[in-house]
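See below for the structure under consideration.
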Amino acid sequence: MRFWILLQRDVLVAWRKKSNIYQPLVFQLLIVTMFPLGLGAGAQTLQKIAPAVVWILALISTLITLENIFKDDYEDGSLALYTLSGMSLPVAVIAKAAAHWLTTGLPVIIFAPVIAVLLHLPASAYGILMLSLLIATPIFSLLGTVGSALIMNLKNGGMLLSVLIMPLLAPVLIFGAGAVLETTLGNTPVGHITLLAGCFVLSLTLAPLAAAAAIKVNLE
Amino acid sequence: MQSTILHISHAQCQKGGEPLFAPVDLVLQPGEMAVVAGNNGSGKTTLLEAVAGLGSFCQGGIHFAPDNNRDSWLQHSHYIGHSLGNKASLTCLENLHFAATINGIRTNEQQLSDGLAQVGLHGYEYHYANDLSAGQKKRLSLSRLLLLNKTFWLLDEPFVNLDQTGCDWLFDCISKHISQGGAALLTAHDNKRIHQQADHFIQLQRP
Amino acid sequence: MLTMLDMGKYNFFVWGSMALFALMMAVDLISLHRQKKQLKRQIKARQRRTQS
Amino acid sequence: MNKIVKFYHEMGSPPSFYRITGHWLKPLLILALLLTVYGLIDGLFFAPPDYQQGDSYRIMFVHVPAAWMSMFIYFIIGVSGIIAFVWRMKVAEAVMMASAPIGALFTALTLLTGMLWGKPMWGTYWDWDARMTSELILLFLYIGVMGIYSAYDDDPRKAARLAALVAIIGLINLPIIRYSVEWWTSIHQGASISIMGGNSGIKEWSMLRPLLVMALATKFYYLYSMLHRARSYLLRTEQNKSWVSKQFIEN
């Protein structure tokens, strides 16, 4: 019950402030316009970089929203409401991550084909692009809670958050973008996808514990 | 109501490595009220946060009688700090509903609007917390106290931002809670009335 | 002696690496002692403050 | 046995740690300097040139020890991070935070000398191969540990606990990064010392000797630098304890 009310509240809060949801998408669109402008509009050049660009954009646009996962709650005092309510902290973290995924990860997945079209991604790679993003965006949210919890009472924690989270996300990027790239080259992406799923399981078990520990230290 | 006794023994908090105030001792039983007073920057908020579990003591600490179980004590206490815990983009009703549910209390809409009416927010059920005045925001957070029915109230400057009627109402509210076997630990830097009424009065001093 | 110092066409790379190594260690050593000195001053000043 | 236990307990308390390690600093520095001078002279002038790489392989005598140190020190940070986080030992915090700058320095040195070695060997300063990439990510891990510590400069205790948490997360993450990057691509030559004595392994004692001497020298220098910083760290964080003021009254 507590899990659902926290999830529900966070989705509602994000929904009320719709800019949180569409801004990452606008950001993606802006960046993707710059690639042809900087690289030249040749379909072949764009096609080559498409798997990586779609993936990196998905990553960055979620990265810019991570900072506020716990920061907002810390600032308006509602963090105290659920940390002191006797709710298990790792469960609360999973609820926060799930809400973050629903409000940023899911729109990014839905929007990914648009970006892919603009970059001439080969048609064969769409399925695997969606699948890899579907596995990976929850990882972003889960690992993001760790970073967000670490910097929640810092004023300018954004840059630090990127430094902390980048090494965690590097393997995810390698496997995810790799899966799409292999598909465009006509190889099987099964290995990459399996490893990506492994990353998901690992972050689902470890990230809530780490984030809960960080919150605890921050409240000491 | 729960009959845990809160012991604060020789407790000190620090900021930047320096102790904020001279050691504090307090035994707070249900049916009693304790008031913490002190100048600005004397560490009232830090002390209350540490008691509520949002901070730590550098010396001494708190324990509970009879069973020294912090979690069960937290279950029976409610803390309202400087940041009130209202989500700006949720309505009053939604805020209250969240606070109740996260504390494991099932409520229906009628109970929630009754709760709001008790703090004088009748007719504001569907207003966003953001649109309320500072005093009304305070009232919204205080409405949680009545709904959640916890034994220990930990209130940080509860009278600030409230108008005269609001102060009177809160005062009565706390007295009633005490007489029903509740306990309150609150900070108030200049409220003579509550200072006189307190069973325990703690003046924070420089270490 | 000069022939010994000569690393063939790799002069720049080999001696560059050695210079980097020496530079980095020197930077570390200097920063170490400056920090310590600064800290000692700070603590002594603090003692004077608390004693008086 | 009793002596070891007693020593262990003494090292856990800041004042005795400060007192005991004070005697070690000078010998460690002298040892490190002597070994470095010996190792470099041996490596640069007496070791024979490599039959493939000529004289350029001599970069190895600083590159490889630095690379070993960069990983060894992160391991120390991770382990002392666990001790600091679980048992809240102040000395472990000091060791962790004192190791970070010197570790980052060795990592940067590894990257830079690696680039200088890469240019004559592969014709390019930088190549996104597995080892260089994971070494670069290792640098980010070091920066992360130091960054979170300095961000919470108003509360050193909390800062150290959060930094310990970051270090532990990094320690878990490191093998994953290593594996994933290796999977990604690898064109780097094999490890310098292979027990099986593969193609790239160094078999010649005259080449191996300076390498091992340099490895020892960097270890001693690390110990010196780390202990020096750890002592400063303890002085800074325990300023209001009486043992700190006693240190300065005697002088």
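What is the order of A:Phe3, D:Phe45, A:Phe200, fewest Cβ neighbours within 10 Å to most? Write down the numbers at each step before the final one.
Details: A:Phe3 15, D:Phe45 11, A:Phe200 18.
Least to most surrounded, the residues fall as D:Phe45, A:Phe3, A:Phe200.
Suppose we look only past 12 Å in the calculated P(r) of segment B:90-149. What percent of the Cα-Cα pairs does that tail hold? Could the numbers behind the result be given before it?
Values: 1043 of 1770 pairs.
Counting pairs separated by more than 12 Å, the tail of P(r) holds 59 percent.
Given H placed on each backbone N at 1.01 Å, which residues far from B:Gln59 in sequence or on other chains put an amide H within less than 5 Å of it?
Under 5 Å from the amide H of B:Gln59 lie the amide H atoms of B:Gln12, each far enough along the sequence or on another chain.
Can you sort A:Val217, A:Val180 so the residue with the fewest Cβ neighbours within 10 Å comes first?
Least to most surrounded, the residues fall as A:Val217, A:Val180.
Using the Karplus curve 6.51 cos²θ - 1.76 cosθ + 1.60 with θ = phi - 60°, work out ³J(HN,Hα) for each residue of segment B:21-33 in order, rounded to whole Hz, and write x for Gly and Pro.
9, 5, x, 10, 10, 7, 10, 10, 9, x, x, 10, 10
Could you work out the Kirkwood radius for segment D:3-65, taking every pair of different alpha carbons, averaging 1/r and inverting it, reported in Å?
Evaluated on segment D:3-65, it is 14.8 Å.
Which parts of segment D:120-158 would a label at C:Leu23 reach, counting a residue when its backbone N lies under 18 Å from a point 7 Å out along Cα-to-Cβ?
D:120, D:125-126
Along its three principal axes, how long is segment D:5-151 when you only count alpha carbons? Whole Å, largest extent first please.
On the principal axes, segment D:5-151 reaches 53, 34, 24 Å in Cα extent.
Given the convex hull of the Cα atoms of segment A:1-86, what is a quarter of its surface area in nm²?
Values: hull surface 29.0 nm².
Directional mean of the projected Cα hull area for segment A:1-86 stands at 7.3 nm².
Mind jotting down the distance between the C-alpha centroids of segment B:50-94 and segment D:90-124, whole Å?
45
Neighbouring Cβ atoms within 10 Å as the yardstick, rank D:Ile137, D:Ile20 fewest first.
Exposure proxy ranking, most exposed first: D:Ile20, D:Ile137.
In chain A, which helices (entire DSSP H runs) extend 27 Å or more along their own long axis, judged by Cα positions, while averaging at least -0.5 on the Kyte-Doolittle scale?
Working: long enough: A:19-39 (30 Å, 1.29); A:43-66 (34 Å, 1.51); A:126-150 (35 Å, 1.79); A:158-184 (35 Å, 1.86); A:190-218 (40 Å, 1.62).
Taking the DSSP H segments of chain A (at least 27 Å long, mean hydropathy at least -0.5), we get A:19-39, A:43-66, A:126-150, A:158-184, A:190-218.
Given the rule -39500 (n - 2.57) for each run of at least 4 DSSP H residues, summed and divided by the residues of the protein assembly as shown, what is its mean residue ellipticity at 222 nm, to the nearest 500 deg cm²/dmol?
-22500 deg cm²/dmol
Around D:Arg88, under 10 Å between beta carbons, what's the net of Lys plus Arg minus Asp minus Glu among the other residues?
My count for the surroundings of D:Arg88 gives +2.
Compute the signed sum of charges (Lys and Arg +1, Asp and Glu -1) over the other residues within less than 15 Å, Cβ to Cβ, of D:Asp155. Before the final figure, lay out the partial values.
Numbers: positive: A:Lys155, A:Lys216, B:Lys15, D:Arg88, D:Lys90, D:Arg157, D:Lys158, D:Arg161, D:Arg236; negative: A:Glu220, B:Glu18, B:Glu49, D:Glu93, D:Asp153, D:Asp154, D:Glu238.
Result for the local shell: +2.
Please work out how much length the chain gains when fully extended from C:Asn11 to C:Arg49, using 0.36 nm per residue of separation minus the C-alpha to C-alpha distance, in nm with one decimal.
This chain segment gains 8.1 nm when fully extended.
Relative to the longest principal Cα axis of chain D, at what angle does helix D:2-12 sit, 0 to 90 degrees, rounded to 10?
Compared with the principal axis, the helix lies near 80 degrees.
In sequence order, what are the phi-derived ³J(HN,Hα) couplings for segment D:27-43 according to the Karplus relation 6.51 cos²θ - 1.76 cosθ + 1.60 with θ = phi - 60°, rounded to whole Hz, with x for glycine and proline?
Per-residue couplings from phi come out as x, 4, 5, 4, 4, 4, 5, 4, 5, 4, 4, 5, x, 6, 4, 4, x Hz.
What distance in nm separates the two pseudo spin-label positions at B:Asn68 and D:Ser150, each 7 Å out from Cα along the beta-carbon direction?
Placing both labels 7 Å along Cα→Cβ, they lie 4.1 nm apart.
For segment B:61-171, what does the equivalent ellipsoid look like in terms of its semi-axes, each the square root of 5 times an eigenvalue of the Cα gyration tensor, given largest first in whole Å? Walk me through the numbers on the way to the answer.
Working: eigenvalues 123, 57, 29 Å².
They are 25, 17, 12 Å, listed from largest to smallest.
Could you go through segment D:102-115 in sequence order and give the Karplus-derived ³J(HN,Hα) for each residue, using 6.51 cos²θ - 1.76 cosθ + 1.60 with θ = phi - 60°, rounded to whole Hz, and x for Gly and Pro?
Running phi through 6.51 cos²θ - 1.76 cosθ + 1.60 with θ = phi - 60° gives 5, x, 4, 4, 5, 5, 4, 4, 4, 5, 5, 5, x, 5 Hz.
Take the Cα atoms of segment D:37-238, find their three principal axes, and give me the spread along each one in whole Å, biggest first.
Principal extents (largest minus smallest coordinate, Cα): 56, 39, 29 Å.
If you bin every alpha carbon distance in the protein assembly as shown into 10 Å steps from zero, what whole percent lands in each bin?
Percent of pairs per bin, in order: 3, 12, 19, 20, 19, 14, 8, 4, 1, 0.
Regarding segment A:2-218, what is the average projected area of its C-alpha convex hull, in nm²?
Computed as one quarter of the Cα hull surface, the answer is 11.6 nm².
In whole angstrom, and with the biggest value first, how far do the Cα coordinates of segment A:83-136 range along each principal axis?
51, 15, 10
GNM, chain D, Cα, under 10 Å: largest mean-square fluctuation among D:Ala215, D:Ala164, D:Ala130?
Ranking D:Ala215, D:Ala164, D:Ala130 by mean-square fluctuation puts D:Ala130 first.
With label points built 7 Å along Cα→Cβ from the Cα atoms of D:Thr124 and D:Arg88, find their separation and express it in nm.
Here the modelled spin labels are 5.2 nm apart.
Hey, rough spin-label estimate for A:Trp15 and A:Ala41, points 7 angstrom out along Cα→Cβ, what's it come to in nanometres?
4.0
Out of every Cα pair in chain B, what percent are spaced more than 20 Å from each other?
Considering chain B, 57 percent of its Cα-Cα pairs are separated by more than 20 Å.
I'd like the orientation of helix B:109-118 relative to chain B: the angle between its Cα long axis and the longest Cα principal axis, in ° from 0 to 90, rounded to 10.
Helix B:109-118 and the main axis of chain B meet at about 60 degrees.
Please list, ordered by chain and number, the residues whose modelled amide H lies under 5 Å from the amide H of B:Lys15; skip anything fewer than 5 residues away on the same chain.
Residues meeting the amide H criterion: B:Leu20.
How tilted is helix D:60-87 with respect to the longest principal axis of chain D? Cα atoms for both, answer in degrees (0 to 90, nearest 10).
Tilt of helix D:60-87: around 30 degrees.
Would you pull out the residues with amide H under 5 Å of B:Gly181's amide H, same chain only if 5 or more places away, H placed 1.01 Å from N?
Long-range HN contacts for B:Gly181: B:Gly31.
Taking the Cα centre of each part, how many Å lie between segment A:159-182 and segment B:139-169?
That distance is 47 Å.
Give, in whole angstrom and from largest to smallest, the semi-axes √(5λ) of the equivalent ellipsoid of segment B:143-207, with λ running over the eigenvalues of the Cα gyration tensor. Kindly include the intermediate steps, with their values, before the conclusion.
On the way: eigenvalues 76, 45, 26 Å².
Taking √(5λ) for each Cα gyration eigenvalue gives 20, 15, 11 Å.
Every number in this text was worked out from the coordinates using simple rules, so none of it is lab data. Predicted model, so just to flag it, every value in this text is computed and none were measured. Note: ideal-geometry Cβ built from the backbone for every residue, glycine included; neighbour counts use all protein chains shown.
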